[in-house]
């Protein structure tokens, strides 16, 4: 509250520093990468497992990294104003930066395991970002849904990565991409592909996993702009592109990606049209973009991949800009409902103009970059050898709907007579319109001068995806050809859809209402089912009665051992052992103690008799040369008697002992199988390699003569550390339990 | 429990057992003993004292709160393990120094292993006393 003005003014700039610096460094490397250079750094991490901290910068990584860094810089600058009055803005920026670094790590990793680590980090940081307003139940639900769904995909991806490692013999991506033919013909190819695709499809919200992305709009608008334009959801696309040289080219790859991508693109653009919340509308158009990208990555043709890369860049620019602009509208008017917003062009002229710029790129009007992207998409669709018509039809449909959505975004909120709004509309401050304006202007600049990104970004990325040198040339004018005709068709169809927008949305809403279950509801039912199953098995297996637990455990052990003996056979020498008198004495002590424990009426007698069993065991240890174990055993017995006595003395007398056949049978069976197991295990020759090793090394390497102690504190110190950690945690747990109990008592 | 005999004996026993526990801890590397056993002996001594003179008296004797002792021990053990790092060895590798006494012998051995064992001692002592006090005070 009394922070000096200088610090308050400097803090946003400080947050801006890392992304800006990263973007500048990446821009500096751009010319070299455009010339075909590949930068790689590596350090050993777990060399024995082939896991190295290796990072590589090639055309594909650079394209993604520049989008992450560049849009990250603009979003941070925007948020400095947007979040300025938020109490938790420090948390916001820390999470935003953490997410940014996770994403950068993901796209730069050259080792699959490292890639996976960063993949999971993006899942975790995005969970925290989506649930940023954690007081809001809806935000919490959305965050949980996102982390569960992408987490499931992440586990599938991990399994896929391990299988790739098995098939290729390495986790290094640079080495794996040279082995595409080995993996494509490998027996594990189908499981690998399905697992990797499951990871990519959940992350990139393909149908039927599309529902988490619109729900994730619960996050503050700058986060939506960042996560759902340039980064998080594109991670799945990045994975598909990265694995393209290794996995692509088979029928399974082509058909899966094409069909899932096409269905996602069309379904999502219909759902976008149905929304009334501008932010949700944009969220669904993002899903549409992801579907389109997936569809084109299914292809092999150079122009199809070039279309995917170009569209990736186009989409990041206009989508981030539009999200930020909707943030301005929301801030300025207090609503995002398309039915209420109108006539804002006088109150918010700059936002209106910028929205128009971005939306033109989205709709694919010349001379915007969006136009080039769309032309390339049509050219790419027609170049796909297997099913050009199907892809082209899907792309034209989705794009026509995009044109309509772009029209809605520009015309509905800004034109027409002014409506009544929760707040008097006002223009956003300069920091909040300059960032989207830069993005929208870039969409225009790169459209006018496509050479700026054609050779420097798109071509190296396409080369990296296809794994062969490619030449790509972007141009605004391709001549009069089929793509141009399709472009005109798209614009006409889009205009038509816009004209009938009201009726279409009503129709879609009716359709949605008739649908028995949405994907979101199915997800809820799945979760509810899981909880029900967990509750059922808990009430059976963990009913809270210690006696039942013990009986279950002992019966299971007895059965398992008996089954093993019967199946495998067991050699036994059950001849009468020859023991010393003292050894017989110890044995008799143990047996007597056990019998008395079982039949006595007095709890004190039972505790003491149990102590006798322990002491007898300690004697056995002592006789067979394990004094440390014997001392420990003796001390533990003493303590147990002291501790248990304190409790037991306050309990009522034991009920009269009576025969319980089930318990008797279980204990008899357990005793018998253990006797057989022990007799069998001491019969054969013992492998003394480990003992010999410790005996030889104990004094020379660990300077100790007591081997037991040397093992505990030196050779296996990590194990001991784990054990004392358990001891400490158990103590603290018991302490907490007892305190809760005494606090609950009146 | 109000027993004069036990009360008097427990004071003697406590002193003896604490001393003995340190003895067991220090000799553990070459003869039966060590941090685990030492910790148990010390805890038994305090437990007997707690039974004879009450938990409040026993708490005064050990001065620190048992859960804190346990966690401190855990921290010392972890520190001993991590100390191998700066010497370029994998974690939990014992580091040894021999302080020269000038009499021609190999010197007084000091090691991270000893620190680790002291950590085990404190952890066991703290944990067992946490149990003991929880039972004695709440039941």
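Looking only at the range A:354-368, decide whether some residue is on the phi > 0 side of the Ramachandran plot, touching a residue at least 12 places away in the same chain (Cβ under 8 Å) and part of a loop (DSSP other than H, G, I, E, B).
yes
Here is a list: A:454, A:467, A:443, A:479. Which entry is surrounded by 14 or more Cβ atoms within 10 Å (Cβ to Cβ) and more than 30 Å from residue A:249 (Cβ to Cβ)?
Step by step, each of A:454, A:467, A:443, A:479 is checked, and only A:443 is surrounded by 14 or more Cβ atoms within 10 Å (Cβ to Cβ) and more than 30 Å from residue A:249 (Cβ to Cβ).
Being facing chain B (nearest Cβ under 7 Å) and not in a helix (DSSP H, G or I) is the filter here, so list the residues in the range A:710-724 that pass it.
Result: no residue meets the conditions.
This table checks each residue for (1) surrounded by fewer than 12 Cβ atoms within 10 Å (Cβ to Cβ); (2) touching a helix residue (DSSP H, G or I) at 6+ places or on another chain (Cβ under 8 Å); (3) within 27 Å of residue A:243 (Cα to Cα).
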site: A:23; (1), (2), (3): no, yes, yes
site: A:36; (1), (2), (3): no, yes, yes
site: A:47; (1), (2), (3): yes, no, yes
site: A:50; (1), (2), (3): no, yes, yes
site: A:54; (1), (2), (3): no, yes, yes
site: A:64; (1), (2), (3): no, yes, yes
site: A:67; (1), (2), (3): no, yes, yes
site: A:72; (1), (2), (3): no, yes, yes
site: A:76; (1), (2), (3): no, yes, no
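From the list A:400, A:394, which residue is under 30 Å from residue A:349 (Cβ atoms), modelled with pLDDT of 85 or more and in contact with a helix residue (DSSP H, G or I) (Cβ under 9 Å, 6 or more places away or on another chain)?
Of the residues listed, the single one that is under 30 Å from residue A:349 (Cβ atoms), modelled with pLDDT of 85 or more and in contact with a helix residue (DSSP H, G or I) (Cβ under 9 Å, 6 or more places away or on another chain) is A:400.
Of the residues in the range A:70-94, how many are under 30 Å from residue A:110 (Cβ atoms) and under 21 Å from the mean Cα position of the chain (by Cα)?
Summing the residues that are under 30 Å from residue A:110 (Cβ atoms) and under 21 Å from the mean Cα position of the chain (by Cα) in the range A:70-94 gives 3.
I need a count of the residues in the range A:730-739 that are within 22 Å of residue B:40 (Cβ to Cβ), at pLDDT 80 or above and within 9 Å of another protein chain (Cβ to nearest Cβ).
5
For the range A:474-491, what are the residues that are part of a helix (DSSP H, G or I) and in contact (Cβ under 8 Å) with a residue 12 or more places away in the chain?
A:482, A:483, A:484, A:486, A:487, A:489, A:490, A:491
Given the conditions (1) over 22 Å from residue A:637 (Cα atoms); (2) in a helix (DSSP H, G or I); (3) more than 9 Å from chain A (Cβ to nearest Cβ); (4) modelled with pLDDT under 90, which single one is not true for residue B:52?
The failed condition is (1).
Which members of the range A:260-308 meet the condition of being out of contact with any strand residue (DSSP E or B) (no Cβ under 8 Å at 6 or more places or on another chain) and not in a helix (DSSP H, G or I)?
A:275, A:298, A:299, A:300, A:301
State all residues of the range B:128-139 that are at the interface with chain A (Cβ under 7 Å from one of its Cβ atoms) and either assigned to a helix (DSSP H, G or I) or within 18 Å of residue B:21 (Cβ to Cβ) (or both); if no residue qualifies, say none.
Across the range B:128-139, the qualifying residues are B:128, B:130, B:131, B:132, B:134, B:135, B:136, B:138.
Filter the range A:63-100 for residues that are within 30 Å of residue A:34 (Cα to Cα) and without any contact (Cβ under 8 Å) to a residue 40 or more places away in the chain and give the result.
Residue satisfying the conditions is A:98 alone.
Regarding residue B:109, is this residue facing chain A (nearest Cβ under 7 Å), within 19 Å of residue A:736 (Cβ to Cβ) and surrounded by fewer than 24 Cβ atoms within 10 Å (Cβ to Cβ)?
In short, no.
Just to be sure, is residue A:84 within 30 Å of residue A:327 (Cβ to Cβ) and surrounded by fewer than 20 Cβ atoms within 10 Å (Cβ to Cβ)?
When the stated conditions are applied, residue A:84 passes them.
Since residue B:125 meets every condition but one in (1) at pLDDT 90 or above; (2) buried (at least 18 other Cβ atoms within 10 Å of the Cβ); (3) at the interface with another protein chain (Cβ under 10 Å from one of its Cβ atoms), which condition does it not meet?
Looking at each condition in turn, residue B:125 falls short on (3).
List the number of the failed condition for residue B:42; all other conditions in (1) without any contact (Cβ under 8 Å) to a residue 40 or more places away in the chain; (2) within 11 Å of another protein chain (Cβ to nearest Cβ); (3) closer than 20 Å to residue B:11 by Cα hold.
(1)
Looking only at residues that are within 27 Å of residue B:136 (Cβ to Cβ) and not in a helix (DSSP H, G or I) in the range B:55-104, which one is farthest from the other protein chains (Cβ to nearest Cβ)?
B:63
Could you check, for the range A:643-650, whether at least one of its residues is closer than 30 Å to residue B:55 by Cα, in contact with a helix residue (DSSP H, G or I) (Cβ under 8 Å, 6 or more places away or on another chain) and in a loop (DSSP other than H, G, I, E, B)?
Yes; the residues of the range A:643-650 include at least one that is closer than 30 Å to residue B:55 by Cα, in contact with a helix residue (DSSP H, G or I) (Cβ under 8 Å, 6 or more places away or on another chain) and in a loop (DSSP other than H, G, I, E, B).
When only residues in the range A:689-709 that are part of a helix (DSSP H, G or I) and facing chain B (nearest Cβ under 7 Å) count, which is nearest to residue B:96 (Cα to Cα)?
Out of the qualifying residues, it is A:702.
Just the residues that are over 48 Å from the mean Cα position of the chain (by Cα) and either without any contact (Cβ under 8 Å) to a residue 40 or more places away in the chain or loosely packed, with under 14 Cβ neighbours inside 10 Å (or both), please, taken from the range A:673-685.
Hits for the range A:673-685 are A:675, A:682, A:683, A:684, A:685.
Given the conditions (1) in a helix (DSSP H, G or I); (2) in contact (Cβ under 8 Å) with a residue 60 or more places away in the chain; (3) more than 33 Å from the chain's Cα centre (by Cα); (4) surrounded by fewer than 23 Cβ atoms within 10 Å (Cβ to Cβ), report the number of the one that residue A:413 does not fulfil.
For residue A:413, the exception is condition (4).
What is the residue count in the range A:636-667 for residues that are within 14 Å of chain B (Cβ to nearest Cβ) and modelled with pLDDT of 90 or more?
The qualifying residues number 0.
For the list (1) modelled with pLDDT under 90; (2) more than 10 Å from every other protein chain (Cβ to nearest Cβ); (3) under 27 Å from residue A:618 (Cα atoms), I need the number of the one condition that residue B:30 fails.
Checking residue B:30 against (1) modelled with pLDDT under 90; (2) more than 10 Å from every other protein chain (Cβ to nearest Cβ); (3) under 27 Å from residue A:618 (Cα atoms), the one that fails is (2).
Take the residues of the range A:543-579 that are surrounded by fewer than 11 Cβ atoms within 10 Å (Cβ to Cβ) and touching a helix residue (DSSP H, G or I) at 6+ places or on another chain (Cβ under 8 Å): which is modelled with the highest pLDDT?
Checked the range A:543-579; the qualifying residue modelled with the highest pLDDT is A:571.
Is it true that some residue in the range A:127-144 is under 29 Å from residue A:469 (Cα atoms), within 23 Å of the chain's Cα centre (by Cα) and either in a helix (DSSP H, G or I) or at pLDDT below 90 (or both)?
no
The values are calculated or read from the model by the stated rules, or taken from the named source; none is laboratory data. The structure presented is a predicted model; accordingly, all values stated were derived computationally and were not measured. FYI the Cβ positions are ideal-geometry reconstructions off the backbone, even for glycines, and counts take in every protein chain you see.
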